[in-house]
Amino acid sequence: MRRYVGLLRALLGLRRASPGAEPVPAETARNVAIIMDGNGRWASRRGLPLLAGHRAGTRALKRTVEAAPDLGVRSLAVYAFSTENWGRPQSEVEGLMTLFAETIEREFPDLHRQGVHVRFVGRRDRCPESLLTLMEDMEARTAQNTRLDLWVAFDYGSRDEIVGAVRELVEAGTSAAAIDEDAVRSHLYAPEMPDPDLVIRTSGEVRVSNFLLWQSAYAEFEFVPTLWPDFGAEDLAAALRAYAQRRRRFGVR
């Protein structure tokens, strides 16, 4: 019986999905990016402190990362903290720094055991030294994992990234004739990070907020009303199904 179920799946072009998530078409987005938005509104609607929303957001991140590989995703980039977020109230920023450290210490080891390769993308000159140490240690510990590449955009801003890449090219004495897309990409924070096939933004907001502007030039976008702390496997599967119904043209007919 099991053999016939497997054959049926193959004929229908379906891939096994995480428990609780519906199957998605085999032709799905392998590289996904998520703008995790809505933590504050989630907390406000429940009469909870702001940090409680951020904490709930870390749980949403874990279950989404755990669901991604079984849904066919091989690379997942998430927007955790932007270059502009430093302008938030000091108490919120300090709380976020503490929460990031706790998440790396308590949640990421389990992702490591599940075969997730964790990398942090963004500036590294402004975060607390203790947090930077945790980030670098987690990158080293998970370096050999191959089940899923998780890119955590921390102190990240796409304009800042592009300006930095151009500045490095100029400082290296690169001639104008030698500057092309490959040259710029080689100086981005993570040149090896694949361009996203699909960018998801939660909470109903319809904007990209300075996230992966270079990399998402030809990405498909899916804006969902779900607040990030409520996001999970079913929401990810639904976004992947929506993506699979589209025809990507890349500027041609």
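Consider residue 152 carefully, then state whether it is closer than 17 Å to residue 58 by Cβ and touching a residue at least 40 places away in the same chain (Cβ under 8 Å).
Spelling it out, residue 152 is indeed closer than 17 Å to residue 58 by Cβ and touching a residue at least 40 places away in the same chain (Cβ under 8 Å).
Run down 10, 17 and say which single residue is hydrophobic (A, V, I, L, M, F, W, C), at pLDDT below 75 and surrounded by 15 or more Cβ atoms within 10 Å (Cβ to Cβ).
Values: 10 fails: surrounded by 15 or more Cβ atoms within 10 Å (Cβ to Cβ).
Answer to the selection: 17.
Per-residue answers, yes or no, for (1) part of a loop (DSSP other than H, G, I, E, B); (2) modelled with pLDDT of 95 or more; (3) among the charged types (D, E, K, R):
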site	(1), (2), (3)
149	no, yes, yes
161	no, yes, yes
164	no, yes, no
170	no, yes, no
194	yes, yes, no
237	no, yes, no
253	yes, no, yes
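Return only the number of the condition from (1) assigned to a loop (DSSP other than H, G, I, E, B); (2) over 26 Å from residue 189 (Cβ atoms) that residue 213 does not satisfy.
All conditions are met except number (2).
Kindly state which helices (runs of 4 or more DSSP H) lie completely within region 83-145 and contain at least 2 residues that are touching a Gly at 6+ places or on another chain (Cβ under 9 Å), at negative phi and modelled with pLDDT under 95.
none
The values are calculated or read from the model by the stated rules, or taken from the named source; none is laboratory data. This is a predicted model, so every value here is computed, not measured. Cβ: placed from backbone, ideal geometry, glycine included. Neighbour counts: every protein chain shown.
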